[in-house]
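Engineer: Handing you a structure now.
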Amino acid sequence: METEPLNKYQQRFKCKFPDALEAFEPCLKNAQKYLNDIAIFAYLDGANFLCSIGQGVHPVLVYLKIIPEVAQQLGTDSIKIITDYSYKLARSPNKKALIPFLQSLKTVCRRIKNKDDLQHYLIALDEFVEKTQTVIHGHNSLYESSGMVPLLQAMPQLISKLSIKGLRNFIDYGARNYVDAPDQQIDYFSLKSHDAKSIINREREGTSFKNSEHKLNMAKESLWDCDYPMTAFSTSFDQVREPLPYLEEELIAVPDVYEDKNGISGINRYRTMLAHMMSHRKWSSKLMADNYAPQMQLIISAFEDARVDRLAMRQYPGLTKYFFALHTYPEKGACDAMKVSTIRYRATRLSRALIDKNFNPEDELIEEFRKKFNQLLNNKPSSTQEMAKLGTQYFIQSRLDSDSLPEIYFDNTEVSYRDDNRYFWFHYEEYDEADEIVPNEYQNEERIIDTADSLPPRFYDEWDYISQSYRPDWTTVYERLHPSGDANKIDKLMQKHDELAKKLKRMIEMLKPQNKKRIRFQEEGSELDLDIALRSLIDLKNGQVPDLRINYSNTTDSRNIAVMLLVDSSESLNQINAETGQSLLELSQEALAITAWTIDKLGDKFAIAGFNSNTRSEVRYQHIKGFSEQYGETVKARIAQMQASYSTRMGSAMRHAAHYLSAQQAEKKLLLVLTDGEPADIDAKDPKSLIKDTKKCVEELNSQGIFSYCITLDKNADDYVSDIFNNQYTIIDHVNKLPEQLPKVFMQLTR
Amino acid sequence: MDIKQYKIDKEPYYQQLANEVELYNAAYNAKLPMMVKGPTGCGKSRFVEYMAWKLGKPIITVSCNEDITASDLVGRFLLDANGTRWVDGPLTMAARYGAICYLDEIVEARQDTMVVIHSLTDHRRELSLDKKGELIKAHADFQLVISYNPGYQSLMKDLKQSTKQRFCGLDFDYADAEIESKIIQKEANITADVADKLVKVGQAARKLKGHGLDEGISTRLMVYAAQLINQGITPIQASKMAMVRPITDDEDVRESLDNAIELIFG
């Protein structure tokens, strides 16, 4: 009966590869499940076409296996689109990518909805090829795009996390940033590099921990009175099973992203999870895990989880709707107790029955234990120990032979807001003390970043002007205390500039706040202004309407400024200036000393820091003076010891400086950058990229109410400095004037 | 000048927390100036009002602000048809006729302004009106009371040592949950259950002080929320409106508190 249509199809299938012929029949049977007659013909035509493009039998086999499902999802038209694209790939240097491409469709089609999205997907791939293909002498070379195969292989993971738009951004980012670095490109597209993780997290849909941390901290403190820190673990890369949140001694670990689920928004899922964990902290006590069999532990956990949930709902009734929405459970009879272990199925239904009185477990034993459980919790908190007893009883009574089967029914048995309960299970560990620490023999080969006197590194985004977006956590800033030298050196420098100091002193006197300012013509003021009052009185006697503004009042006029002096200490400062025979560094030191002296005399709050950089992974920020430090011997000693090396990654240093400045309470905040050249670093090939980043940084600071101003020693700075700082800059043409100019610029700015 | 208008006729509701009434009485009898300290909306002003009622003395309240001047307190010349006329300020009036002068939130005023009260707050108990050429000896019933909130004063806003060291002090704080709930029940005539929940919200917010909130939710705001609930507003809406919107502009804080309210009221 079935042979006739099979014949019909066999005739249509022109392929002569023996392997393909062998695979034909099972594949066709499979195809008949998904496709109608017309579609099957299209499917076979596509297979014929693939046979003829000269790539052997492998692509045909993959095609035969995968396409029926794809065509059902995306429509028959998609077959033609796919075969055309396969042909295009086969003709290009990227022919190796053909099979991964076909394989990727299997997962891609589950995520995308129609053939338009398929087109978008193909366009994204095309763009990728275009950007990463090596171009030699204006011709596309015969070299393949090295990231193509890893990308297609990583596609199942990517597509499960990202939308098509997010995918395009991910591809675009990698293609652009690693165009000259094939190895890094491969790392990125095979999702091995840190950048890949950052970008996926950025492009992922859902609520990220990073954006909700503040809110969660507040919920934790206000509702649960808990100050444990929180940390996030990555969920982007675990395909098999999502890791569970956990609560440890003094640490709360949560997933980095939560998508909406069952109508509960990501942030509320975080909060619900937090509420559950905090309830454990409040009401759970420890149980020795070794005293219970693993399956027993599962049941006891279900009782204990339900108990703390109930107590949490008692305290915060609003939690009920979140718990119920997120506590999924398998339907009655979802699994066959003869074939698989139903332990998880039972535990989950039990747990639901315990927290939700309207849930009908359709199981007498569960009903019975629900009653016992309710009795224990009647106006009491009960205890973890009681739950352990109850759990053990239930486990013994509900036990089935199939519980020991290797296959466990898992679907819908995991309650997403619950943690892994390591908080209350503890293990007896015999070998705890025997742990040996094996020294890492390769340690010396790692690049050593001196972390003495250093704060933990901070990460900053960097602006990418081409894509008009930030590269997340792109640079690493290490802040450390500047080494100290001989403070006398600075005092000697000051003596040298004695004349200048006197001149500055006069200017300072003029700038110092004049304490009171009189405001006249006030209707209500502190004092009667006699002149005006008399005039009004005369007006009154003359029958005219008097001016009632006859008082004056005093207001104080004071400076409330916080200044940050950020000094470039890159290698180029070691240049010797022909005019004076001094290096730029020495001049900077002099200028810094005099300016610091000036600001100190004016009584404004100020801080000083130096910066340089050795690629994006090591931006060094050297603390010279903090806002609360006195300008004294220690600070002078640090200025005296300034050294110049490496490059100028200005944006990151400015962002770091700004985070200190923004914490200051002052009406005016000024970030004064002293530099000798344009922002640059050895790993930034495009000279414009860091300039644009710094420009963006200036805008950011502006919106934070921080005024940035640049003083540059580069005579040719006109080309770029106005682009970065608008008109907030001064170019010092005669560098030997710097010690004189810098404090003056400062005073001009704050006048 | 009728000082009687400043008298309090009806007993204000005040829930005694410890022996503060007794302590205040002693200070009044000894003619000592008083300072009441505590967070906003915890009942400082209500306490002073209550004491004035209990002692049967008039009370003149001045809410201080940055622009307040010595002449705002002491008095000034005003223009009228015959030239200028002297008008007593609240401080002078209280000293002259024997009232309690209550300077609310005194740190809001500039430090040097407050020096005018010095001569009234030590053994001299007198006030010199130099512009008018008059020396007022304070009435026997006169007392100066100041309040301030140590929570939000900055470096700029503090009292001079010389001002501080003229007062006896009483510390106030939000009452315990149980008492606070009673206060709300009594003030707004509301059920214990709702009052308890309002207090829970308030306590949640107080834990956020310093984490994005300058001040916790005061008892006063809880009473407002309860009054709104009496008007038929749902507890959740009333709490958001009275207890969250006024105290913060920070989106994260607002959302967190809203969430807390929803969890507490269910």
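Every number in this text was worked out from the coordinates using simple rules, so none of it is lab data. Quick caveat, the model's predicted, so the values are computed rather than measured. Here the Cβ positions follow ideal geometry from the backbone for every residue, glycine too, while neighbour counts run over all protein chains shown.
Engineer: Which residue, chosen from A:Ala175, A:Gln589, B:Gly38, occupies the Cα position most advanced towards the positive end of the dipole of the protein assembly as shown, where the dipole is computed from +1 (Lys, Arg) and -1 (Asp, Glu) charges on Cβ about the Cα centre?
Structural biologist: B:Gly38
Engineer: Same structure again: Please report, in whole Å, how far the alpha carbons of region B:51-208 spread along each principal axis, starting with the longest.
Structural biologist: Its Cα atoms span 62, 37, 35 Å along the three principal axes.
Engineer: Quick one: Kirkwood hydrodynamic radius for region A:216-289, alpha-carbon pairs, angstrom, one decimal?
Structural biologist: Numbers: mean 1/r = 0.0750 Å⁻¹.
With all distinct Cα pairs of region A:216-289 included, I get 13.3 Å.
Engineer: Are there cysteines in chain A with no other Cys C-beta under 4.7 Å, and if so, which?
Structural biologist: A:Cys27, A:Cys109, A:Cys226, A:Cys335, A:Cys697, A:Cys710
Engineer: Compute a Gaussian network model of chain B, connecting alpha carbons closer than 10 Å, and tell me which residue from B:Leu228, B:Leu135, B:Leu120 fluctuates the most.
Structural biologist: Between B:Leu228, B:Leu135, B:Leu120, it is B:Leu135 that shows the largest mean-square fluctuation.
Engineer: Between A:Thr231 and residues 5 or more places away or on another chain, which pairs have amide H atoms under 5 Å apart, with H built 1.01 Å from N, and which residues are they?
Structural biologist: A:Ile252, A:Ala253, A:Val254
Engineer: Right, another one. Can you return the aspartates and glutamates within cross-link range of A:Lys489? Criterion is Cα-Cα under 15 Å, with same-chain partners fewer than 8 residues away left out.
Structural biologist: A:Asp498, A:Glu586, A:Glu590, A:Glu633
Engineer: Once phi is turned into θ = phi - 60°, what whole-Hz ³J(HN,Hα) does the Karplus curve with 6.51, -1.76 and 1.60 give for every residue of region A:493-499, x standing for Gly and Pro?
Structural biologist: 3J(HN,Hα) across region A:493-499, in whole Hz: 4, 5, 4, 4, 9, 4, 4.
Engineer: While we're here: What translational D, rounded to a whole number of µm²/s, comes out for region B:1-110 from Stokes-Einstein when the hydrodynamic radius is the Kirkwood one over Cα pairs, at 20 °C and 1.002 mPa s? The partial results should precede the final answer.
Structural biologist: On the way: Rh = 15.5 Å.
The Stokes-Einstein estimate is 139 µm²/s.
Engineer: Moving on. Quick one: compute the contact order of chain A, relative version, from alpha carbon pairs under 8 angstrom and 6+ residues apart, as a percent.
Structural biologist: 8
Engineer: Give the long-range amide H neighbours of B:Thr61: residues separated by 5 or more places, or on another chain, with amide H under 5 Å away, using H modelled in the peptide plane at 1.01 Å from N.
Structural biologist: Hits under the 5 Å cutoff: B:Tyr102.
Engineer: Oh, and also: Could you tell me how many degrees, from 0 to 90 and to the nearest 10, lie between the Cα long axis of helix A:650-661 and the main elongation axis, the longest principal axis, of the Cα atoms of chain A?
Structural biologist: 70
Engineer: Among A:Ser383, A:Leu670, A:Pro68, whose Cα projects farthest towards the positive end of the dipole of the protein assembly as shown, with charges put on the beta-carbon of Lys, Arg (+1) and Asp, Glu (-1)?
Structural biologist: A:Leu670
Engineer: Which links in A:Lys605/A:Lys625; A:Lys113/A:Lys165; A:Lys29/A:Lys65; A:Lys165/A:Lys261; B:Lys44/B:Lys182; A:Lys503/A:Lys669 stretch past 19 Å when you go from one Cα to the other?
Structural biologist: On the way: A:Lys605/A:Lys625 11 Å; A:Lys113/A:Lys165 13 Å; A:Lys29/A:Lys65 11 Å; A:Lys165/A:Lys261 21 Å; B:Lys44/B:Lys182 17 Å; A:Lys503/A:Lys669 26 Å.
Cα-Cα > 19 Å for A:Lys165/A:Lys261; A:Lys503/A:Lys669; rest within.
Engineer: For region A:250-375, how big is Rg over Rh, using alpha carbon atoms and the Kirkwood form of Rh? Mind dumping the intermediate values first?
Structural biologist: Numbers: Rg = 15.3 Å, Rh = 15.9 Å.
That ratio is 0.97, to two decimals.
Engineer: Run the reach check for A:Lys197 against aspartates and glutamates, Cα to Cα strictly under 15 Å, same-chain hits fewer than 8 apart removed. What comes back?
Structural biologist: Counting by Cα, and skipping residues close in sequence, A:Lys197 has these aspartates and glutamates nearby: A:Asp172, A:Asp187, A:Glu205, A:Asp238, A:Asp256, A:Asp461, A:Asp473.
Engineer: Would you please calculate the Kirkwood hydrodynamic radius of region B:199-239 over all C-alpha pairs and express it in Å, rounded to one decimal?
Structural biologist: Numbers: mean 1/r = 0.0941 Å⁻¹.
Kirkwood radius, region B:199-239: 10.6 Å.
Engineer: Further question: List the pairs from A:Lys215/A:Lys692; A:Lys636/A:Lys668; B:Lys57/B:Lys164; A:Lys215/A:Lys371; B:Lys57/B:Lys132 whose alpha-carbon separation is above 31 Å, in the order I gave them. Before the final figure, lay out the partial values.
Structural biologist: Working: A:Lys215/A:Lys692 33 Å; A:Lys636/A:Lys668 26 Å; B:Lys57/B:Lys164 25 Å; A:Lys215/A:Lys371 38 Å; B:Lys57/B:Lys132 27 Å.
A:Lys215/A:Lys692; A:Lys215/A:Lys371, as the Cα separations exceed 31 Å there.
Engineer: Provide A:Leu28, A:Leu64 in ascending order of the number of other Cβ atoms located within 10 Å of each residue's Cβ, fewest first. Don't jump to the answer; show the numbers that get you there.
Structural biologist: Working: A:Leu28 20, A:Leu64 24.
Sorted ascending by nearby Cβ count, the order is A:Leu28, A:Leu64.
Engineer: Then there is this: Zone of A:Ala181 (label point 7 Å along Cα→Cβ, backbone N under 18 Å): which residues in region A:198-219?
Structural biologist: The answer is A:198-200.
Engineer: About its Cα centre, how strong a charge dipole does the protein assembly as shown have in debye, to the nearest 20, once Lys and Arg get +1 and Asp and Glu get -1 at the Cβ?
Structural biologist: Numbers: 128 positive and 147 negative charges, 506 e Å.
The calculation lands at about 2420 debye.
Engineer: Would you work out which of A:Asn358, A:Met230, A:Pro243 lies farthest towards the positive end of the dipole of region A:207-426, given +1 charges on the beta-carbon of Lys and Arg and -1 on that of Asp and Glu, about the Cα centre?
Structural biologist: My answer, from the dipole projection, is A:Asn358.
Engineer: If you take each beta carbon of peptide A:313-320 and count the beta carbons of other chains within 10 angstrom, what is the mean?
Structural biologist: Working: counts 2, 0, 3, 9, 6, 9, 4, 2.
The per-residue average across the peptide is 4.
Engineer: In terms of the Cα gyration tensor, with a ≥ b ≥ c the square roots of its eigenvalues, is region A:36-180 rounded because a/c is under 1.5, prolate because a/b exceeds b/c, or oblate?
Structural biologist: Numbers: a/c = 2.23, a/b = 1.36, b/c = 1.64.
Note, shape of region A:36-180 comes out oblate.
Engineer: Contour minus end-to-end for A:Asn379 and A:Ser190, with contour as 0.36 nm per residue of separation and end-to-end as the Cα-Cα distance?
Structural biologist: On the way: separation 189, 0.36 × 189 = 68.04 nm, distance 5.54 nm.
Gain on stretching A:Asn379 to A:Ser190: 62.5 nm.
Engineer: Evaluate the Debye formula for the protein assembly as shown with equal point scatterers sitting on the alpha carbons, no solvent, and hand back log10 of I(q)/I(0) at q = 0.07 Å⁻¹, in q order, two decimals.
Structural biologist: -0.95
Engineer: Right, here's the next one. Given charges of +1 on the Cβ of Lys and Arg and -1 on the Cβ of Asp and Glu, with all other atoms neutral, how large is the dipole of region B:1-67 about its Cα centre, in debye to the nearest 20? Intermediate results must be reported in sequence, preceding the final value.
Structural biologist: Details: 9 positive and 8 negative charges, 37 e Å.
Computed charge dipole of region B:1-67: roughly 180 debye.
Engineer: What is the dipole size for region B:3-171, taken about its Cα centre, with +1 at each Lys and Arg Cβ and -1 at each Asp and Glu Cβ, in debye to the nearest 20?
Structural biologist: Numbers: 22 positive and 21 negative charges, 78 e Å.
Dipole of region B:3-171, to the nearest 20 debye: 380 debye.
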